[in-house]
Amino acid sequence: YMLEGGELLFVAETEGGKVVGFVFGRREEDSAVIGWIAVHPEYQGRGVGGLLLKAVEDEARRAGLKTVITGTPFARSFYEKYGYECYRVERALLLELIGRTVNPPRDMDVRPLLLDDLPALASFMGDEEYLRFLMAYFSVYDSDPDMCLIGFRGKDVAGAVVGKRNEVYPDLVTLEELVVKDESYAYDMLDALTYAVSVKGYRWVGVRLPVRGLDEEELLRSGWKDAKLPSFWTRYHIRKHLR
Ligand SMILES: CC(C)(COP(=O)(O)OP(=O)(O)OC[C@H]1O[C@@H](n2cnc3c(N)ncnc32)[C@H](O)[C@@H]1OP(=O)(O)O)[C@@H](O)C(=O)NCCC(=O)NCCS
């Protein structure tokens, strides 16, 4: 039921009064936002989740709300079964490095990024992009200087990349910033980071899209997969318009 302050909570009970599922959410403007829904594993697949969704929808309608929305890494097909649509995907992709031969980029020389290199990078970046890059760089260069890389084509700076160890998942390094002088260098810079991460013995390298110069389909074709780690996942934005 709708709690004070616009919060929403329903539980599902068996006839014997055992709680086997719940849904928790809140009201935001003219939407009900589902924060969390779960059904006891032994009771999954029997329509309990569907009843919980219906309870939210009925309550939202009563309150005059227009939509039910949520974001989920795992349960997209569950929502779609009940008439919800996915209207946006925030894609996180992972490449597993264990058992994979990873090579450094062929046409680029790569080395750790030094403070002295920064002016050369600034020369091809906009102010805002440069500031974002500096923030990423300074947030990791103490702890992981070898995850900050600069690439050269001949004598020319081609781009730079900053990777960061995931705080929750210790076996993952994610790409924080990638800047390139020409978009065609983006994959080489990604390869440079992947190689450095692999040499360090991590299991995964991760990318949150969109990143300028990197194409989702291309990454999926070359072995990257949707991320479903506890702290790093592809988020499906889901909604249903109430009638
Ligand atoms: C997702 C969940 C709430 C669904 O509850 P449920 O009672 O099993 O759902 P229903 O029986 O009403 O619907 C079943 C449908 O949901 C989907 N579904 C069931 N389990 C699922 C799961 N673990 N992941 C994704 N979809 C699932 C299937 O499409 C299934 O349809 P089918 O039976 O025709 O194959 C439940 O599986 C659960 O608690 N999962 C773990 C927690 C979770 O992922 N919560 C959502 C994160 S926001």
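The values are calculated or read from the model by the stated rules, or taken from the named source; none is laboratory data. No experiment lies behind these values; they were computed from the predicted model shown. Note that each Cβ is placed from the backbone with ideal geometry, even for glycine, and that neighbours are counted across all protein chains shown. Protein only, heavy atoms only, side chains kept; ligands, DNA and RNA dropped before computing areas. Shrake-Rupley method; radii C 1.70, N 1.55, O 1.52, S 1.80 Å.
Could you grab me the full set of residues in the range 10-32 that are assigned to a strand (DSSP E or B) and not β-branched (Val, Ile, Thr)? If the condition is that a residue be assigned to a strand (DSSP E or B) and not β-branched (Val, Ile, Thr), then Phe10, Ala12, Glu13, Gly21, Phe22, Phe24, Gly25, Arg26, Arg27, Glu28, Ser31, Ala32 are the ones that fit. Just one of (1) out of contact with any helix residue (DSSP H, G or I) (no Cβ under 6 Å at 6 or more places or on another chain); (2) open to solvent by less than 10 Å² (accessible area, probe 1.4 Å) fails for Phe152. It is (2). Residues of the range 34-44 include none that is of a type in the set (D, E, K, R) and either in contact with a helix residue (DSSP H, G or I) (Cβ under 8 Å, 6 or more places away or on another chain) or not in a helix (DSSP H, G or I) (or both). Please specify each residue of the range 50-94 satisfying the condition of being without any contact (Cβ under 8 Å) to a residue 40 or more places away in the chain and of a type outside the set (D, E, K, R). Listed by number, the residues that qualify are Gly50, Leu51, Leu53, Gly64, Ala75, Ser77, Phe78. Being at negative phi and away from the ligand (no atom under 16 Å from the Cβ) is a property that Glu7 has.
Residue-wise test of (1) within 17 Å of Gly206 (Cα to Cα); (2) among the aliphatic types (A, V, I, L, M).
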position: Gly83; (1), (2): no, no
position: Leu94; (1), (2): yes, yes
position: Asp109; (1), (2): no, no
position: Ala122; (1), (2): no, yes
position: Phe138; (1), (2): no, no
position: Cys148; (1), (2): yes, no
position: Asn166; (1), (2): yes, no
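Of all residues in the range 70-90, those that are within 15 Å of the ligand (Cβ to nearest atom) and open to solvent by 70 Å² or more (accessible area, probe 1.4 Å) total 6. Could you please let me know if Leu93 is open to solvent by less than 30 Å² (accessible area, probe 1.4 Å) and closer than 19 Å to Asp191 by Cβ? So Leu93 fits the description; yes. Those strands (runs of 3 or more DSSP E) of the range 160-243 in which at least 3 residues are surrounded by fewer than 18 Cβ atoms within 10 Å (Cβ to Cβ), considering only elements entirely within it, cover 235-241. Scanning for something within 7 Å of the ligand (Cβ to nearest atom) and surrounded by 15 or more Cβ atoms within 10 Å (Cβ to Cβ), does the range 53-68 turn up at least one residue? No, there is no match, as no residue in the range 53-68 is within 7 Å of the ligand (Cβ to nearest atom) and surrounded by 15 or more Cβ atoms within 10 Å (Cβ to Cβ).
On inspection, Tyr137 does not qualify as at pLDDT 95 or above and over 20 Å from Asp188 (Cβ atoms). Checked against the criterion of being basic (Lys, Arg) and over 20 Å from Leu175 (Cα atoms), the range 123-138 has no qualifying residue. From Val33, Val48, which residue is in contact with a Lys or Arg (Cβ under 7 Å, 6 or more places away or on another chain) and not assigned by TED's automatic domain parsing to the domain that holds Leu220? Exactly one residue qualifies, and that residue is Val33.
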